[in-house]
């Protein structure tokens, strides 16, 4: 297998969706390309601007941050799992402003309609849902208190 075959395969993958350098590398290794061909192909793709991890992170964060129930913490760890550089992720998160409160509040508003039971039970259920989504305990308490607008403690 040669570099042209690897390059064509990568273009096919990238025509479906944007991918990280690590994802492309994994795909090429899965097709048993040699390390030299993989590195040459990645270099060519980066030079032509077909893969750019910084752009990928920015676009991915912007698309996920508009979805209710997606916390900053969730996004951060998901990007790490994609094989992206921790320092690059940190740098992008410093540039992009994400309001976890709005995301958590919208998610909680949506979920509260589906819950049955008394306020105390629903508060506890919402609290568990929000914490599982990666929101901080303090933020979860604030969102729940704002939604219920009273002082029933969360246990």
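All of (1) under 24 Å from residue 126 (Cα atoms); (2) in a loop (DSSP other than H, G, I, E, B); (3) touching a helix residue (DSSP H, G or I) at 6+ places or on another chain (Cβ under 7 Å) hold for residue 101 with one exception: (2). Scanning segment 35-60 for residues that are under 15 Å from residue 10 (Cβ atoms) and in contact (Cβ under 8 Å) with a residue 24 or more places away in the chain yields a count of 11.
Residue pairs whose Cβ atoms lie under 7 Å apart, separated by 6 or more positions or on different chains, with the first residue in segment 124-145 and on the phi > 0 side of the Ramachandran plot and the second outside any loop (DSSP other than H, G, I, E, B), are 134/73; 134/74. Scanning segment 43-59 for residues being assigned to a helix (DSSP H, G or I) and surrounded by fewer than 18 Cβ atoms within 10 Å (Cβ to Cβ) gives a total of 8.
Here, each number is a calculation from the coordinates, and none is a lab measurement. Just so you know, these numbers come straight off a predicted model, no measurement behind them. Quick reminder, even Gly has a Cβ in these numbers, built from the backbone with ideal geometry, and neighbours come from all protein chains shown.
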